[in-house]
2 protein chains.
Amino acid sequence: MTALTELSSADLRELHSQLTAEYDALVKRGLSLDITRGKPSPAQLDLSNALLTLPGEGQYRDAAGTDLRNYGGPQGLPELREIFSDVLRVPVPQLLALGNSSLSLMHDAVTFAMLHGLPESERPWSREETVSFLCPVPGYDRHFTITEHLGIRMVPVAMTESGPDIEQVERLLAEDPTIRGIWCVPVHSNPTGAIYTEEVARALVSLPAAADFRIFWDNAYAVHHLTDDVPEPIDILSLAAEAGNPDRVFVFASTSKVTYASAGVAFFGSSPANVSWYLSHLAVQSIGPDKINQLRHVRLLHDAEGVAEHMRRHREIIGPKFEAVSEVFERRLASYEAGSWTSPTGGYFVSLDVHEGCAARAVALAAQAGIAVTPAGSTYPYKKDPTDANIRIAPTMPPLAELVDALEGLCTAILLAEVEQLVG
Amino acid sequence: MTALTELSSADLRELHSQLTAEYDALVKRGLSLDITRGKPSPAQLDLSNALLTLPGEGQYRDAAGTDLRNYGGPQGLPELREIFSDVLRVPVPQLLALGNSSLSLMHDAVTFAMLHGLPESERPWSREETVSFLCPVPGYDRHFTITEHLGIRMVPVAMTESGPDIEQVERLLAEDPTIRGIWCVPVHSNPTGAIYTEEVARALVSLPAAADFRIFWDNAYAVHHLTDDVPEPIDILSLAAEAGNPDRVFVFASTSKVTYASAGVAFFGSSPANVSWYLSHLAVQSIGPDKINQLRHVRLLHDAEGVAEHMRRHREIIGPKFEAVSEVFERRLASYEAGSWTSPTGGYFVSLDVHEGCAARAVALAAQAGIAVTPAGSTYPYKKDPTDANIRIAPTMPPLAELVDALEGLCTAILLAEVEQLVG
């Protein structure tokens, strides 16, 4: 086979007929498949079913003897913070264990900054003419939704395999004093799977920036590896302190994709000054986290090695799904040069770039055939992918056979969209 | 005995010596007692210990078969909303079951209004010169902390036995267009135990007010009765609709004092338009509530009658503590006319008024004797009780014997403070 762009008009027309027939047959199958969101599958959730009877009869005290059923303990259960302290590289006293969603913690951190400002802010962010965030693209749609919803201007920055393009970040920070934050998923980035290098991390904490500039270090996939090639965790808080910017980083993480997506525990970590700042606002909002659920997690996971072992069982379940993505794309798209995709060593996504101007059409064609794919553009601020090329693949949720069905159908839709464009 | 204010100088001086001796003996006991916060006691928490092994093996689906372990379901578990719908008088579709704290829901509702405004707002509240809330006093300190923290001006309104003084509310609403909210605890009010009458409720939803004026109807003690004289729930949403102000009321409640204080479920109820508004902001903040914990609550409580039965067991535990408060105050304070106190038929508090100008001194004397009482002034906006007379008593947490010890000591402190004032 030849690259689509090198096919003759006649060959393109023939391929168009062939793909149209293939697509019509696909539509007739009346599929109902969904690869839109990075959700764990039921088999993955089953790994944590001990939570359904934990912490167990008479178990409601922490190691210090505190009754966890009552109010209080705004910092969360020390034993649980201990388990995640090492892999997140946040000392226990600076690591808070809170509710069921790190997204809520990120939302609330931005909200607190909007209403009250950070310690270094001249005024609350909501009183500034403009507040901007750097948004490495493609990136996580729910990050962008938070900043868009709060009226924060989003400035895209190109992602590389080692993190955001640092030259671009440096130039933007130098040019634009309204920049107050950057969204980062440092390990197995959403959706490209990129892993930030220590060099990139050092640059991010070192570059000149506004005093209240914050790196939202969303370490969502810190322990979610698909190979034995486990990256060494970056001690971002120490790097920031060494660079003379100890208060520049907010670390977030959760067990949403370790235990239960709905019923996990989320973490906030930062410098002592930032943790005090966060707690001062949290004290007004909250009567304390659900410490019983935190105790459940301690009893389930035991320690850092328990987490690693638990994640190896996740890998056994989802590894074959990621392999299926590579296999189908390689077989269906490679020789046509119809797209390029990432091969992540962890996380929840594959990032696929199709021919420019074809992503939205391909996703629409797939939808008409009963295959729900994340809307094209979702990985960009304001849901606008200027090249209309990026599609995010979330392979974890469906059973393997359904996943392959969905991917095959999506490939048909992609090829049809691209050929349509070429035949004009 | 005679009222303190009617004692002769000589008698006052003698009483002063006697109380000083009594107080010195009290200090020497080196007590460490705490009646500061409305916390459930361990015996109360024990009533819900089935939560420690619920929902049980293999139990993670709702009645419709949805896997509750995964993301989604922003409105919360229908079965749980069903259980609380009747007593809260909120139809299930308009009642959201969310996280572990109704305080967080109130905080977030005010925050959403600050940053985005209500549907009827001309602009976000944070863009208004001044936003004010009416604060019935004495009231709940954590309500006042939210409004103070967000820079909302607080205007005190006198509480009566049937709710806030409606004439005062009417006058303030007519005079002051900056008023956008009122904090209400309609049943067994914190701290007076007042129960709003339907007449007061009707007035609150009917009085002319700003289009985005909201009643924060914190029904924290809806099912927390201490007698068989259970008040008929007020259907505040229907009253508001009948009055032509269907969107005026936000209803809040939680199981924090039904099941576990740290690990319960909170509710938000309102008109369809307000629920849509709330969900539109919640969708940005949250990946959905902890539905497994909601399922635990369904399995523990079963139905509305299950809740009522559960609350009768609470009453058996805390009823004697409330009786002890009355008994000690009656015996120690009544004949001296040293104070007046409420005899609530439910809720978590007794409100005590001592002689004007003596509350802070009495609380300080108690503290020096190792008896921690809620700081005087806490029940007022900005923690300033203009009369320095109100003290909130929270009798539920300590064992009965400790509670009586604390109350006896507090009475000594109160009498000493009052006699000090009279001897000059």
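The values are calculated or read from the model by the stated rules, or taken from the named source; none is laboratory data. All of these numbers come straight from a predicted model, not from anything done at the bench. Methodologically, a virtual Cβ is constructed for each residue, glycine included, from the backbone with ideal geometry; neighbour enumeration extends over all protein chains shown.
Every test in (1) in a strand (DSSP E or B); (2) surrounded by fewer than 16 Cβ atoms within 10 Å (Cβ to Cβ) is passed by A:Ala64 save one, and that test is (1). Residues that are within 18 Å of B:Ser270 (Cα to Cα) and surrounded by fewer than 21 Cβ atoms within 10 Å (Cβ to Cβ) within the stretch B:217-233 comprise just one, B:Pro233.
How many residues, within the stretch B:303-338, are outside any helix (DSSP H, G or I) and either in the same structural domain as B:Pro231 (by TED's automatic domain parsing) or on the phi < 0 side of the Ramachandran plot (or both)?
Looking only at the stretch B:303-338, we keep the residues that are outside any helix (DSSP H, G or I), and these are B:303, B:335-338.
Next, only the ones that are either in the same structural domain as B:Pro231 (by TED's automatic domain parsing) or on the phi < 0 side of the Ramachandran plot (or both) stay: B:303, B:335-336, B:338.
Number satisfying all stated conditions: 4.
In the stretch A:382-404, of all residues being acidic (Asp, Glu) and part of a loop (DSSP other than H, G, I, E, B), the one that is surrounded by the most Cβ atoms within 10 Å (Cβ to Cβ) corresponds to A:Asp385. Of a type outside the set (Lys, Arg) and surrounded by fewer than 23 Cβ atoms within 10 Å (Cβ to Cβ): does that describe B:Pro119? Considered against the rule, which asks whether it is of a type outside the set (Lys, Arg) and surrounded by fewer than 23 Cβ atoms within 10 Å (Cβ to Cβ), B:Pro119 comes out as yes. Inspection of the stretch A:3-10 identifies at least one residue that is of a type in the set (A, V, I, L, M, F, W, C), farther than 30 Å from A:Leu237 by Cβ and in contact with a Phe, Trp or Tyr (Cβ under 7 Å, 6 or more places away or on another chain). Against the test of being within 22 Å of the chain's Cα centre (by Cα), of a type outside the set (S, T, N, Q) and within 14 Å of another protein chain (Cβ to nearest Cβ), the options B:Ala194, B:Ala220, B:Ala158 yield a single qualifying residue, B:Ala220. Taking the conditions exactly as written (modelled with pLDDT of 95 or more, under 26 Å from B:Asn70 (Cα atoms) and of a type outside the set (Val, Ile, Thr)), does A:Gln75 satisfy them or not? So A:Gln75 passes the test.
Quick one: would you say A:Gly76 is more than 10 Å from chain B (Cβ to nearest Cβ) and at positive phi? Walk me through it before giving the result.
Details: more than 10 Å from chain B (Cβ to nearest Cβ): yes; at positive phi: yes.
So A:Gly76 passes the test.
When A:Ala362 is tested against (1) away from chain B (no Cβ under 14 Å); (2) out of contact with any strand residue (DSSP E or B) (no Cβ under 9 Å at 6 or more places or on another chain); (3) assigned to a helix (DSSP H, G or I); (4) surrounded by 20 or more Cβ atoms within 10 Å (Cβ to Cβ), only condition (2) is not met.
When you scan the stretch B:298-313, do you find a residue that is touching an Asp or Glu at 6+ places or on another chain (Cβ under 8 Å) and crowded, with 20+ Cβ neighbours inside 10 Å, even just one? Looking through the stretch B:298-313, at least one residue is touching an Asp or Glu at 6+ places or on another chain (Cβ under 8 Å) and crowded, with 20+ Cβ neighbours inside 10 Å.
Among the residues of the stretch B:236-264, the one identified as surrounded by fewer than 21 Cβ atoms within 10 Å (Cβ to Cβ) and among the charged types (D, E, K, R) is B:Glu242. Selection of the stretch A:90-139 for residues being within 14 Å of chain B (Cβ to nearest Cβ), under 17 Å from the mean Cα position of the chain (by Cα) and not in a helix (DSSP H, G or I) yields A:Asn100, A:Ser101. Go through the stretch B:47-57 and give me each residue that's without any contact (Cβ under 8 Å) to a residue 24 or more places away in the chain and either in the same structural domain as B:Val258 (by TED's automatic domain parsing) or of a type in the set (Ser, Thr, Tyr) (or both). Residue satisfying the conditions is B:Thr53 alone. The set of residues in the stretch A:265-288 that are outside any helix (DSSP H, G or I) and closer than 19 Å to A:Val90 by Cα comprises A:Val265, A:Ala266, A:Phe267, A:Phe268, A:Gly269, A:Ser270, A:Ser271.
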